[in-house]
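Below is one structure, written out as structure tokens, with a few remarks after it.
Read-outs: derived from the displayed coordinates by stated rules, not from any lab. Remember, predicted model here, so these are calculated numbers, not experimental data. Glycine gets a Cβ as well: all are built from the backbone with ideal geometry, and neighbour counts include every protein chain shown.
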Amino acid sequence: MGYTSLKHRITLPLLLFIFMSICAFSQSTQDSLNLIKKYHFEGREMVKTQHYEEAMVNLARAFKLANSPSFIEERLKIHFSIAQLNYNLQNYEKAAKEVRSILNQTKDTDKFLEIAEANTLLGLIYAQIGKLEEAEITLRKADNWFTSQNDEKNRANVLLGFGILELKRSNYKVAINYFNAAIPTFKTSQALYQEGFAQLNKTEALIKVNPNEIENSIAKAKESLRIVKQIANANHFIKLQIESYRLSSYIALRDNDYSLAEESMATYERKNDSIYQVFLKAISASINTESDVVNLNEIIDKQQSDLDKQQKSINFGKMTTGLSIALIVILSLLTLSLYKNNNLRAKANELLQDKNNELQLAKEKAEKASLAKAQFLSTITHELRTPLYAVTGLTHLLLEEDPKPDQKEHLNSLKFSGEYLLSLINNILDLNKLEANKVEVEKTSFHLKKRINDVLIALKKSADDRKNNIHLEFDQTIPEKLVGDPLKLSQVLINLIGNSLKFTQNGDVYIRVSNLKESNNKVLLHFEIEDNGVGISKKKQKSIFESFSQASLQINRKFGGTGLGLAIVKNLLELMGSRIQLESQLGKGSKFWFDINFNVSEEVSENKNPQNIAIPVDYAALEDRTVLVVEDNKINQMITKKILEKNKMVCTVADNGMDAIKLVQDNNFDVVLMDIHMPGISGIEATQEIRKFDKQLPIIALTAVTIDENLDDFYRAGFNEIIPKPFKTEEFFEKIYRTLENRKMTIDS
């Protein structure tokens, strides 16, 4: 009894002493953290208001206080703020040093966001000091990570960096494209300084770009500069205000207003000298603050040490004894606990390792199967297109040669079967691209109502064939100009409306578009497509959006189709952040609907004649036009040549890319039809060589597209248009006619 009582008298005060020591240490750490955050916050706010000296002092204080293993996370954030401040002060060497320090500290860690942000800033710094190759490498690293995370907000800063990089390389048109891609995101996220800075660089690129590459470049430069001034004046962004005087001077020179140019340049030089002095004071304050903080801490430490020594000598003995006993007790308890749990933990680890190995093997098998599927579908769809081109082409030629009535009936059946097979191949290719994540959402400005009207015009023949009436109910409160992916939206609407027309006879199809919500330059729209056709059973509604699914076998036989259209709709809408919904009743019709967000645009750069909408063709205008057909397949050569010559066009054939380059150098062709996959150099390489000496010649890619081919690569290589093989003859001549008309308008302007 005496022993137990003694043990209680020792243990309880000891535990109380340990608890109070831990609480005191925790409170001290929290107080320090609060002070660090206070200085850091004040420093960032001073940067926003452009009080750079005070900002530098506060950040230096925060950094000094954070010099402890307990504050690693906060210290990294302060590092980044100091780097950004030095970048703003054009103190690029110091900024780069800070960023490299961050990258060294985060190396071999899972701080991927911090690494990507640091690479973005380092890329911007390298671009400004002329290290262009290093800039591209670091920006590419950041872009890869932000893209994988769908982080559009941070990726906009990377796009800005690429724009500055291309501006330094004198690739002005490419730079403008990058700035245009970044600006909507800055605007949406209210990143006003970045938006103004991007518009400023865009203005400079528009001033310097070749006027033949961008129409009305100076007028567009003036509009961008107006936006810069508006943002800078509203938010007191002094650096942007000053730089706007420099660009105003350049524009005045282009307008031959030498007086205004001289005045603007004089104002720029005066104000730039003034802001440069502010930058120097802030940089000097940084050096002095670092020195002052060190000296002040040394004085405080020296004065405090004498007092601490006396107090420590009193408490040291008691604390050492208490902590020693506490450690012995704690370690004993831990040892006992670890001993009991060791075997269980080892067994659990073994089981977990086995499961991880099984999951890894299953993952690898699934990835290989998915890759094999994608490669198979890509190969088979491409290989099917070549013989199918011969079938559809020869069918068209035979129909043009006035066949007998019974022959014409057979040829029309053959034509229908060829077009059906082509539709199947195209749908498989679209779905395969979506499932392989090889489809990206574009962000361009467009008129929504015009886009819908174009879709309805394209589907008018289908409606007339089925004797259906189409009704459009469009909410007039919807903004005229939106930002999104108009081509993918058109594909969704064509599939849904075409589906309703297909399963409705002598009925009505309603298209309703309404404005659900509008705020902060964003609008939420509601789309409905309703018909009074055959309807869909409750059972099939659960699987109707799966690949190769239709309402029933009888429906498939009666109406045809592969059941891929709605699967493509589902995947496209999910890619754009939406979801397809369905209500239907057998015999009474169906209603599909979805809600989707768009940004509201301030300027529109939409093509007045979208690529997927046909225009009337003046076949007489195509007569006697000279065409170079570049094709290695003899059958395809013959078919393409005969189709062209049937329309009285003059046709020359080249077997490969090298012959095509020489023929273009020696002759004046109106248009070139270029195959892509050829022996020797490819059609893309041949087009790039032609573009070196002829920028204006219309070149159209005539190719069997595969899943691995990005259509944007064709346009970047210099193609004006793309015609996938096999094609409908009407669409073939429509694209040739439109390309020639576009060239004519370009020359006339």
**Request:** With a cut-off of 18 Å, note down the residues of the stretch 137-172 whose backbone N falls inside the zone around a label point 7 Å from the Cα of L575 toward its beta carbon.
**Result:** 147-152
**Request:** Taking the convex hull of the Cα atoms, report for the stretch 442-600 its projected area averaged over all directions, in nm².
**Result:** 8.8 nm²
**Request:** Treat each spin label as a single point 7 Å out from the Cα along the C-beta direction, and report the F693 to A366 distance in nm.
**Result:** 5.5 nm
**Asked** Taking the stretch 619-748 on its own, what percent of its Cα-Cα pair distances exceed 26 Å?
**Response** 13 percent
**D595/R254 FRET efficiency (R0 35 Å; Cβ-Cβ; nearest 0.05)** = 0.15
**Prompt:** For K634 and V441 in one chain, what is 0.36 nm times their gap in residues minus the Cα-Cα distance, to one decimal in nm?
**Reply:** 65.7 nm
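Which length gain, in nm to one decimal place, applies between I238 and D508 when the Cα-Cα distance is subtracted from 0.36 nm times their residue separation?
91.2 nm
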**Asked** How long is the gain from I330 to E730 if the chain were fully straight, where each residue apart is worth 0.36 nm and the alpha carbon distance is subtracted?
**Response** 135.4 nm
**Request:** Rounded to the nearest 0.05, what FRET efficiency do K38 and I129 give with R0 = 30 Å and r taken as the Cβ-Cβ distance? Could you check?
**Result:** 0.35
**Asked** Setting aside same-chain residues fewer than 8 positions from K37, which aspartates and glutamates have a Cα under 14 Å from its Cα?
**Response** E45, E73, E74
**Asked** Which of the GluC sites (Glu not before Pro) found in the stretch 202-244 are loop residues per DSSP with 13 or fewer other Cβ atoms within 10 Å of their Cβ?
**Response** E213, E215
**Asked** Order of S189, S148 from fewest to most other C-beta atoms within 10 Å?
**Response** S148, S189
